[in-house]
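Report on the following structure.
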Amino acid sequence: MEQRQLGRTGLRVSRIGLGTLTWGRDTDEHDAADQLKTFWEAGGTLVDTADVYGGGDAEYLLGQLVGGLVPRRDLVIATKAGSVPDPDRRSDGSRGHLLAALDDSLARLGTDHVDLWQLHAFDPYTPLEETLGALDLAVTSGRARYVGVSTLSGWQLAKAATWQLAAPGARTPLASTQMEYSLLQRGVEREVLPAALDLGLGLLPSSPLGRGVLTGKYRGGAAPVGSRGDSEHLAPFVAPYLDETASRIVDAVLTAANGLAVTPLQVALAWVRDRPGVAAPVVGARTAQQLTEALSVEALSLPEEIRLALDDVSAPVHRYPDQDWSEL
């Protein structure tokens, strides 16, 4: 698998990442092992997790597999901290919480460092410089090699990245931002992606298949047995992308797939993988077989006319101030 630089850093990652959102909850140790081995054998390196995935079980499961099944040196392990299961405070970016969470993550992962440590969410109650200082401490202490952020808005990302660049040598530049991005969700193109491109961060798209909807398996209304849409706790996650607008985009993806003699999954994943600024879409699969199909996109590059057609059918409505006011 082709490797890409992550932003303006020396870190190289496979251009498809393996997500572990469901590990330890919907994905058991056997399926996780099959996925990791399949991913590694295909040349994949970037494995993305978080301290809250499965209540910590995803990290623990990954830690049990690394070393014995796949060499630690062959993986770029990325995890996150900052999200908390508190309905009154969804994020905690305080120095104390973040560094304690990192130590707990390292213990579950069974490693002395992570390759990429990401702030999972913006905390409006903690000064940003304190939060970013925790990222610096993680790097200077050797517990993280690189740092990034996740789910920050455009202004939050620009502020954080600029702060880190303002003191060269004293602060660690952000390497990446992880955001949802797909043919069904192009909102990052409004502010986040331009900021990332300007400030040198690589984009790690999550849910690059539109939460599974772009595979076409939800056409007809009924959720397939065993799918996320059929899951009690994940069905609300899929529901927003089952409207008429999404249906038109899915139809276009299916038309493109038929014309290229490939699958809708491959078309949708190739589109987002090759967008400007994207380093590696993070794919979460239910089985090793599903993952194998996603990894087969390595050989596919969309023809220009198909890419432009998909751009057009999925184009988000961005007017003022994105479009010059005199043209409105």
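The values are calculated or read from the model by the stated rules, or taken from the named source; none is laboratory data. Everything numeric in this text was worked out from a predicted model, so none of it was measured. Neighbour counts are summed over all protein chains in view; Cβ atoms, including those assigned to glycine, are modelled from backbone coordinates with ideal geometry. Each accessible area value is taken on the protein alone, full model and side chains, heavy atoms only, with ligands, DNA and RNA left out. Shrake-Rupley method; radii C 1.70, N 1.55, O 1.52, S 1.80 Å.
Determine whether Ser207 is open to solvent by 10 Å² or more (accessible area, probe 1.4 Å), closer than 21 Å to Ala270 by Cα, at pLDDT 95 or above and of a type outside the set (Asp, Glu). Yes: the conditions hold for Ser207. Contact map, the stretch 35-49: residues that are over 12 Å from Glu298 (Cα atoms) paired with residues that are of a type in the set (D, E, K, R) and surrounded by fewer than 19 Cβ atoms within 10 Å (Cβ to Cβ), Cβ distance under 7 Å, separation 6+ or inter-chain. Pairs shown: Trp40/Asp74; Thr45/Asp74. Tell me which residues, restricted to the stretch 18-32, are open to solvent by 70 Å² or more (accessible area, probe 1.4 Å) and part of a loop (DSSP other than H, G, I, E, B). Once the filter is applied, which keeps residues that are open to solvent by 70 Å² or more (accessible area, probe 1.4 Å) and part of a loop (DSSP other than H, G, I, E, B), the stretch 18-32 yields Arg25, Asp26, Asp28. Can you confirm whether the stretch 152-161 contains a residue that is surrounded by fewer than 23 Cβ atoms within 10 Å (Cβ to Cβ), in a strand (DSSP E or B) and on the phi < 0 side of the Ramachandran plot? No, the stretch 152-161 has no match at all. Taking the residues in the stretch 84-129 that are part of a loop (DSSP other than H, G, I, E, B) and of a type in the set (Asp, Glu) as candidates, determine which candidate is surrounded by the fewest Cβ atoms within 10 Å (Cβ to Cβ). Ranking the qualifying residues of the stretch 84-129, first place goes to Asp88. For the stretch 251-265, filtered to residues that are more than 28 Å from Ala196 (Cα to Cα) and aliphatic (A, V, I, L, M), the residue that is most open to solvent (accessible area, probe 1.4 Å) is Ala261. Every residue in the stretch 266-294 that is part of a helix (DSSP H, G or I) and open to solvent by 20 Å² or more (accessible area, probe 1.4 Å), please. Hits for the stretch 266-294 are Gln266, Ala288, Gln289, Gln290, Thr292, Glu293.
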